[in-house]
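Asks: Handing you a structure now.
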Amino acid sequence: MSAPSRILLVNGSAPPVVCGIGDYTACLAKALSALEGMDIGLFTSRCPGRTGKEAQLAGVQLLDVLEHWQWSDRRVAQDAIDAWCPDLLHIQYPSQGYDGVLLAPLSQWFRHLRKKPVVITMHEHIMPQRLAKLMIAQAAHEVISVRPTFRQGLRMGLSWTTLFKPFHFIPNASSLPRITPTPESRAQTRLRLGVPAAKGLVAYFGLLYPRRGVDQLFAIADPAKHHLVILGGQIKGAEDYCRALTRMAQEIRWSGSVTFTGFLPDEEAATILACADAIVLPFTDGGGIWNTSLHGARLQGTFVLTTSKHERGYDPVRNVCWAAPHDIVSMRESLERYLGFRHDGERSDVPQWEVIARQHRDIYERLITRHSR
């Protein structure tokens with residue numbers, strides 16, 4: 001029986017660090033570790049609160065040796081990677097934890113000096129003038145993106161070093177479990193969050209920064225009819241934005257009608273979403289299949305109101321209503337009309353981690369086989 005392939009995922013942030021791409025990477029690593037024929041490692045930054053026993057990292061070998069991602073840290077990084085001896089390096093870009101230039105030389109070192117395959121998942125594009133970051137993408141043999149429209153950006157010169165590389169669209173999935181609420185769990189959840197019986201529970205789930213449009217919730221919802229529950233917390237660089245949200249919640253008309261939960265365990269967050277009367281995700285750039293928060297919301301069967309640059313109107317099969325970004329009037333009207341709608345509608349198009357992991361394994365095995373000849 002052949003030895004398992006050793007796959008090392010790279011991300012600057014991993015749980016419990018707050019990072020959407022870090023959560024994605026942990027979910028992917030966990031799903032990959034459940035498949036046969038692979039050993040999965042995660043190379044990431046050190047975190048004082050991490051024990052290595054987090055449920056999100058079950059089955060994953062953690063290599064959290066770096067304090068920073070600077071050129072001076074290259075020897076520590078290379079020694080740790082050499083000791084683990086991976087067959088393939090899979091980089092996630094970007095990440096909040098990448099606080100220096102190390103990722104570019106590290107990816108080039110692994111490809112050209114170790115002569116082993118490199119894969120990169122690009123969750124966002126790289127601007128054409130960011131040469132150091134473009135060298136990260138240039139090191140990859142193949143490119144994955146969670147965005148189906150990723151290659152359209154290449155026409156504008158974005159991420160141009162990936163232009164002629166094999167490309168794969170593989171969606172992400174929900175980091176939350178599916179919860180089926182009961183009348184008792186709904187009542188308990190509302191009581192715990194301070195939601196009056198006469199008001200609808202309107203929830204938001206995700207990180208708090210301007211592109212998420214969280215501030216628009218205060219214009220979409222009505223404090224006389226709704227209680228806002230905002231699940232999530234701030235990220236580095238969004239401190240001023242979060243302070244502004246707090247000030248909005250303290251205005252007289254919203255006083256007592258907003259609950260900030262901060263970050264919660266996955267099951268607790270999913271329970272609140274499942275017990276909500278509506279989930280509102282007013283992304284300012286438009287949402288789509290790349291939004292893990294949208295997947296997590298849809299799994300619960302609660303009415304979801306979100307934005308898109310392409311889709312419009314209410315989809316009764318999926319119980320989702322789409323509005324144009326920044327169309328406050330339309331979103332306000334849709335919330336009024338569909339608040340409380342709930343059904344276990346079509347979820348077959350909600351991606352599953354097991355399928356996503358198998359798609360990644362196919363890419364890994366082909367590249368490893370090719371480079372072992």
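Asks: What ranking, highest mean first, results for peptides 7-15, 251-259 when packing means the other Cβ atoms within 10 Å averaged over each residue?
Replies: 7-15, 251-259
Asks: What order do you get for 186-198, 150-162, 46-58 when each peptide is scored by the mean count of other beta carbon atoms within 10 Å, highest first?
Replies: Per-residue mean Cβ counts within 10 Å order the peptides as 150-162, 186-198, 46-58.
Asks: Which of Cys27, Cys321 has the fewest other C-beta atoms within 10 Å, and how do the rest follow up to the most?
Replies: Least to most surrounded, the residues fall as Cys27, Cys321.
Asks: Moving to a separate point now. Taking +1 at the Cβ of each Lys and Arg and -1 at the Cβ of each Asp and Glu, which of Leu273, Cys85, Gln129 sits farthest along the dipole of the chain towards its positive end, judged by Cα position relative to the Cα centre?
Replies: With unit charges placed on the Cβ atoms, the residue in question is Gln129.
Asks: List the lysines whose Cα sits under 21 Å from the Cα of Lys225, skipping any in the same chain fewer than 8 residues away.
Replies: Hits, sequence-local ones excluded: Lys199.
Asks: What spacing in nm lies between the two simple spin-label points modelled at Trp254 and Glu354, each 7 Å away from Cα in the Cβ direction?
Replies: The modelled label-to-label distance comes out at 4.2 nm.
Asks: Ok, one more. Sorted by average packing, counted as other Cβ atoms within 10 angstrom per residue and highest first, what order do 274-286, 302-314 take?
Replies: Output ranking for 274-286, 302-314: 274-286, 302-314.
Asks: Same structure again: Can you tell me which lysines have their Cα less than 22 Å from the Cα of Lys53? Leave out same-chain residues fewer than eight positions away.
Replies: Reachable lysines: Lys30.
Asks: In nanometres, what is the gap between the two model label sites at His112 and Asp215, each 7 Å from Cα along Cα-to-Cβ?
Replies: If labels sit at His112 and Asp215, their model points lie 4.4 nm apart.
Asks: Now a separate question. Which whole-Hz couplings ³J(HN,Hα) result when phi for each residue of the range 95-103 is put into the Karplus expression 6.51 cos²θ - 1.76 cosθ + 1.60, θ = phi - 60°, listed in order with x for Gly and Pro?
Replies: The phi angles translate into 7, 5, x, 6, 9, x, 9, 4, 4 Hz.
Asks: With contacts defined as alpha carbon pairs under 8 Å and 6 or more residues apart, what's the relative contact order of the range 265-316 in percent?
Replies: 42
Asks: Hey, another quick one. What is the range 183-338's relative contact order, in percent, from Cα pairs under 8 angstrom and six or more apart in sequence?
Replies: 23
Asks: Evaluate E = 1/(1 + (r/R0)^6) for Ala197 and Ala224, where r is the Cβ-Cβ distance and R0 equals 22 Å; express this FRET efficiency to the nearest 0.05.
Replies: With a Förster radius of 22 Å, E is 0.95.
Asks: How much length would be gained if the chain were fully extended between Phe263 and Val76, taking 0.36 nm per residue of separation minus their Cα-Cα distance, in nm to one decimal?
Replies: Result: 64.1 nm gained on full extension.
Asks: I'd like the Karplus ³J(HN,Hα) series for the range 256-265: coefficients 6.51, -1.76, 1.60, θ = phi - 60°, whole numbers in Hz, and an x wherever there's a Gly or Pro.
Replies: For the range 256-265, the Karplus curve yields x, 10, 9, 10, 9, 8, x, 7, 10, x Hz.
Asks: Next question, about the same structure. What FRET efficiency, computed as 1/(1 + (r/R0)^6) with R0 = 45 Å and r the Cβ-Cβ distance, is obtained for Ser185 and Ala3, rounded to the nearest 0.05?
Replies: Calculated transfer efficiency: 0.45.
Asks: Contact order normalised by length for the chain, with contacts defined as Cα pairs under 8 Å and 6 or more residues apart; what percent is it?
Replies: Reported as a whole number, the value is 14 percent.
Readers should treat all values here as calculations from the given coordinates under stated rules, not as data from a laboratory. Source: prediction; values computed, not measured. Neighbour counts run over all protein chains shown; Cβ positions are idealised from the backbone, glycine included.
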